[in-house]
Amino acid sequence: MQALIDNYTAFECVNETKPRFANDRYITETHPTFTSSIIFSFIPQIGINHRIVRLLEEYKSLEKNWDEDGAIAPSTKAINNSMFLTKTLEKRGQAIYHTAPGPNGEIMLDIRNGKNTKSLEIIFYEDRAVAVLFPEREKPSQQVFDFQNLPVILQWLNQK
């Protein structure tokens, strides 16, 4: 609610004096006049993954021991690669279900198909990236992730 309030200014009351003619003479009356200056500032929504983008931005402020169990702060490279993938998926219309930082400075992106029957976790570390595929019935499999194989992985995820 505060965000809505911050987007406009309140009505302002100004006393305005107006002469008027009554009973064969001029009478001066003071009337309150309300002026308004409503200023709307719209923050453009990034799209279907705007929540993920916000979370990734917040991960930049995590420091060493952010989980109070000795976790390393997320690496800049992991955050940047996660942000790039998020924006790439945004352009393709692919929603990201969730993201989370890990204890070793990694960032995980959880991507699911429309029926939530298959999922894909892409985990970015400082020096590498892995993709873990969770099929509908078979055992999960893991592979090295490269942006080159993204179309093949997304096709697997979204095939009917």
Considering residues of segment 109-154 that are of a type in the set (Asp, Glu) and touching a strand residue (DSSP E or B) at 6+ places or on another chain (Cβ under 7 Å) only, the residue nearest to Gln94 (Cα to Cα): Asp110
Output for segment 94-153, where each listed residue is β-branched (Val, Ile, Thr) and either crowded, with 17+ Cβ neighbours inside 10 Å or not assigned by TED's automatic domain parsing to the domain that holds Lys64 (or both): Ile96, Thr99, Ile107, Ile111, Ile122, Ile123, Ile153
Options Ile79, Ile96, Ile123; residue that is among the β-branched types (Val, Ile, Thr) and in a strand (DSSP E or B): Ile123
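Every residue, every condition in (1) closer than 22 Å to Ile153 by Cβ; (2) modelled with pLDDT of 90 or more, yes or no:
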site	(1), (2)
Leu4	no, no
Gln45	no, no
His50	no, yes
Val53	yes, yes
Tyr59	no, yes
Lys77	yes, yes
Asn80	yes, yes
Tyr97	yes, yes
Any chance Leu62 is touching a residue at least 24 places away in the same chain (Cβ under 8 Å), assigned by TED's automatic domain parsing to the domain that holds Gln148 and not in a loop (DSSP other than H, G, I, E, B): no
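The values are calculated or read from the model by the stated rules, or taken from the named source; none is laboratory data. Computed from a predicted structure; not experimentally measured. Methodologically, a virtual Cβ is constructed for each residue, glycine included, from the backbone with ideal geometry; neighbour enumeration extends over all protein chains shown.
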